[in-house]
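Below: the structure, in C-alpha cells.
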Amino acid sequence: MRFGTRLLAVILIVATVAMGTIFAFSYSEMRALSRASQEINAEVSDVTLRRSQDKLTYQAKSYLSLLATAQATRYDVAITRVKDDIANITRYMEELYAQPDSFANALPTPGTDELDGLSLGVHIPSTVARTPQVDDELELVRNSFYLIRMLIQANPTIMSAYVGTASGIMFQLADSPREHAPDWDPRARPWFEIASATDGLAWTDVYPDAVTGEPHVTGAQAFRHPDGTIAGVVAADIPLAKVDVDLRALQIGETGRAFLVDAAGNVIVDTNLTAAQLQDQAAVRSRYADVLAVKGQSLRGRITAAIDGTAYHIAYAPMAATGWSLGFAVPVHEIETNARQLEAVVRDKADEAQTRIQEQLAAERRRFAVIFPSVLALVALLSIAVSRSITKPITTLAAGVAEVGSGNLDAKVDVRSNDEIGELATGFNQMTANLKQRASDLARVTAEKERINSDLRIATDIQDDMLPKIFPPYSDRDDLHLATFMLPAKEVGGDFYDFFFLDEEETKIALVIADVSGKSVPAALFMVIAKTLIKNNMHLPPAQVLSTVNNLLVADNNSSMFVTTYYSVLDLTTGEYCYASAGHNPPVLYRAASRKIAYLEVPKAPPLGVFAGKSFVTQSLRLEPGDALLLYTDGVTEAFNRTSQMYGSDRLLDDLSALVDQPAHAVVDSVYAAVETFADGEEQSDDITMLFCRYAGPATA
C-alpha cells in the first residue's frame, strides 16, 4: 500500500476507536464519579470545618509570620542605615576634632539652594559664655553640615539630625524650624546622657516631639577627643508616626492589628490605638498583659494570646538594630467564621456537582448517538484530502533535503503550504541561509576573539616588563636578599612592587608595594601612573613621597580610583629602616636575634588619590643582621576557601614563622603554596603580591 492509503486507513481506524473509547471511558468515569460523590459527600461535610479551620489558621499564622518578618526586616534595614550613618558622622567628627586645621568651614548661607528646604539651627545655651574657644569650636562643628544634610536627604526615616558638643553647642538640620529656650542645654537631654554613657549607638525611650507632639525616638552616639574624653554626641530623630501610617496601610485580615514593642516592653505603636492612648502605657500594658506575660521582653515567633480581652493569633519578628519587636495579630474568631462559611459553600457545591453530573450523563448518551455517524463520515472525507496534501510536500521536501545534504547550501525547497509541512519547508530554507551566515560569523568572531586575546597578552607582557624581573636581584651583594611574587586575579592586575637604589653608591634601597582599587585593565593603567610618580619622587623622604604622589593623583582622578601604598627605605650600611604607609596592610617584621615575628605598627592613613593635601608620617627602626620583612597585598590575607573562610592575618604569621629561615625566593613561594593549599581550589578573588627582604648586615669588603 502507498503511504497516502496507509495514512487514510490509519486515520479512519484511529478516529473510530478513539471516539468509541472516549465515550465509553467518559461515560464510565462519570457514573463512577456520581457514585463516589454520593459516598464522600457526607465525609467532606464532616471534615471540612475542622480541616479548613486548621488550614486557615496555619495560613493566617504563616502569612502573619512572613508579613512580620518582611516588615521588621524593612524597618531594621532603615534603622541600620540610620545607625551606620550616625556612626559615619561620628567618625567624621572624631577626625574633625583630631585634625581641626585640615578642615575649612563651608556652611551655606540660609535661603540658598544648598539647604534644599531644610532648616538650619545653631543654639548655644545662655549659661555658656561665648569665649573665642567656643566660637572656634562652633566654626569647626559647622563642617559637619554637608554630611548631616546628606544623612537627612538620603534616609527618609530621619526627621532631623544634629550634633551636641560637650561645651554646650547645638548644631541641627531638620525638615522644619526648631526653636529652643535660651537656657535649653543639649548636654541635659536624655539622648546626650545615654550616648555619653554608652559605647556605640544608644536609643532613647519613645517621647512626644516638642513641636508636633507625635511620638519619636532618637538614636545617638558619642564622639571623642583624641585623648578619649567625650567631645560631643551625634543624634538623629525618627518619627514613629511614619511607621504607624505604614502599618495602617497594610491589610491584616478584616479586623487585624499591627503593633510595635520596644526593648523595655512598651507598646509604642498600635494600629488600633491613637497616639494619645499610647501615651498611657499603664493602660496599654494592661491590654497586652497576656502577650507580655507569655513572651516577656524578647518577642519572636508565633503565639495565641488575648489583647484587650480578645483572643488573637499573633506573629512576631525581632528588629535587631533596636531590640524592638514587630507584631501582627488576627482575631481567632475571624478565622473560625471563615472556616464555617467555607463549610457551607462546600456542601452547596457538592450538591450542585451531583446534579450536574446526572444531567451530563444523560446529555452525553444523546449526543453520542447523533454525532458519531456524522463525524465518522466527515473524518473519512477529510482524511482523503489531508493524506493527499501531506504526501506531496513531503516528497518535495525530501528531494530538497537530499540536495542540501550533497553540499548545495543555495538549494531552496518550494513548498507552498500553510501547515507544519510548510513551516518545516520555510524553516529548512531559513536553516540553509543561517548555515551560510553562521559560517561567515564564526570566522569573524574567531578572528576578533584572537585579536582581543592577543591584546591582553601584550598588556600582560607590558605590565610584567615594568616590574623588576631579574632574580635573584643584586646576586653579587652579600648584605641583602630579595625575592618577589606576583599573581594577578585577571590577565592584568592593579598590584605592583618595586625596589631600587636611591644613590650611586647603592647604600640605600627603596622597597615599595601597592594595591590599586579594582582589577584588570583600569587598575593596571592606574598602577602604571602611581608607580611612575613614586619613582619620579624617590629623592624625597617616605612620607613626602606619599604626600606628593597623593596630590598628583587626586588632581586628575576623575575615575575615583585609589591605591594603598607602603614605601620604605633601608640603609644597608647602618640597618636604619624608614617607612610610611598610605592605608596599606602592615608588613611582617622578623627579628632574628629573638626569633620573634609580628606585624609592624604603621599609622592609620587614607589611600593615595582620595584626599588632597593629606599628610603622612615617616617612622623608623633599626634592622639587625638576619632581620627580615615581608611586604604583601590583601590578596594574601583575604584569600577564601570553599567554605568562605578567609586565610587571615594570624594564619599568615603562623605559616611565615615556619618559613622565614628559608632562602628569600623559597619564602615567597612557600607562602603562596600555603595560601593555595588553604584555598583548596577556590577561584582567586584578588591579586596576590609579595616582596620579601632579609637584611644580612653591612657589606663586607
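Any read-out appearing in this document is the output of simple, stated calculations on the displayed coordinates, not a laboratory observation. Bear in mind that the values here come from a model prediction, so they are computed numbers and not experimental data. Glycine also receives a Cβ, built like all others from the backbone with ideal geometry; neighbour counts cover every protein chain displayed.
Ranking request for peptides 353-361, 608-616: highest mean number of other beta-carbon atoms within 10 Å first, then the rest in descending order.
Values: 353-361: 12.8, 608-616: 19.0.
The packing order, highest mean first, is 608-616, 353-361.
Within straight cross-link reach of residue 508, meaning Cα distance under 18 Å, which aspartates and glutamates are found once same-chain residues fewer than 8 apart are removed?
By straight Cα distance, residue 508 reaches 476, 478, 479, 498, 571, 576, 624, 627.
Report the full-extension gain for the segment residue 395 to residue 683: residue separation times 0.36 nm, less the Cα-Cα distance, to one decimal in nm. Walk me through the numbers before you get to the answer.
Details: separation 288, 0.36 × 288 = 103.68 nm, distance 5.60 nm.
Length gained, residue 395 through residue 683: 98.1 nm.
What order do you get for 643-653, 559-569, 257-267 when each peptide is scored by the mean count of other beta carbon atoms within 10 Å, highest first?
Numbers: 643-653: 13.8, 559-569: 22.6, 257-267: 20.5.
Peptide ranking by packing, descending: 559-569, 257-267, 643-653.
Distance cut-off 26 Å, Cα to Cα: go down the list 83/604; 535/614; 535/596; 490/596; 519/604; 535/604 and report the pairs above it.
Numbers: 83/604 24 Å; 535/614 19 Å; 535/596 33 Å; 490/596 36 Å; 519/604 24 Å; 535/604 23 Å.
Long pairs (Cα-Cα over 26 Å): 535/596; 490/596.
Apply 1/(1 + (r/R0)^6) to the Cβ-Cβ distance of residue 175 and residue 433, taking R0 = 56 Å, and write down the FRET efficiency to the nearest 0.05. Working shown, then result.
Numbers: r = 65 Å, r/R0 = 1.16.
So, using R0 = 56 Å, E works out to roughly 0.30.
At R0 = 25 Å, how high is the FRET efficiency between residue 9 and residue 371 if r is their beta carbon distance? Nearest 0.05 is fine.
FRET efficiency, residue 9 to residue 371: 0.65.
Shape call for region 468-695 from the C-alpha gyration tensor, a ≥ b ≥ c root eigenvalues: rounded (a/c under 1.5), prolate (a/b greater than b/c) or oblate?
Numbers: a/c = 1.59, a/b = 1.03, b/c = 1.54.
Cα axes put region 468-695 in the oblate bin.
Pop out the Kirkwood hydrodynamic radius of region 1-380 from its pairwise C-alpha distances, inverse of mean 1/r, in Å to one decimal. If you can, show how the numbers build up before the last one.
Working: mean 1/r = 0.0376 Å⁻¹.
Final number for the Kirkwood radius of region 1-380 is 26.6 Å.
Please report how far the C-alpha centroid of region 613-630 lies from that of region 486-512, rounded to the nearest whole angstrom.
16
Largest first, please: the extent of the C-alpha atoms of region 55-182 along each principal axis, to the nearest Å.
Answer, in whole Å and largest first: 73, 32, 30 Å.
Give the cross-link partners of residue 55 among the aspartates and glutamates, using a straight C-alpha distance below 17 Å as the criterion and excluding same-chain residues fewer than 8 apart.
46, 334, 336, 343
Note down, for region 166-292, the three equivalent ellipsoid semi-axes (square root of 5 times each alpha carbon gyration tensor eigenvalue), biggest first, whole angstrom. Spell out each step's value before the answer.
Numbers: eigenvalues 212, 56, 35 Å².
Rounded to whole Å, the semi-axes are 33, 17, 13.
Multiplying the sequence separation of residue 353 and residue 102 by 0.36 nm and subtracting their Cα-Cα distance, what value in nm do you get?
On the way: separation 251, 0.36 × 251 = 90.36 nm, distance 8.41 nm.
Length difference between fully extended and current span is 81.9 nm.
Report the normalised scattering of region 196-235 as log10 I(q)/I(0) at q = 0.33 Å⁻¹, calculated by the Debye formula with identical scatterers on the alpha carbons.
-1.05
Students often forget the sequence filter, so: which aspartates and glutamates lie under 19 Å Cα-Cα from residue 242 once same-chain residues fewer than 8 apart are removed?
List returned: 76, 175, 205, 209, 214, 262, 270.
Between the alpha-carbon centers of region 142-203 and region 300-341, tell me the distance in whole angstrom.
Result: 37 Å between the Cα centres.
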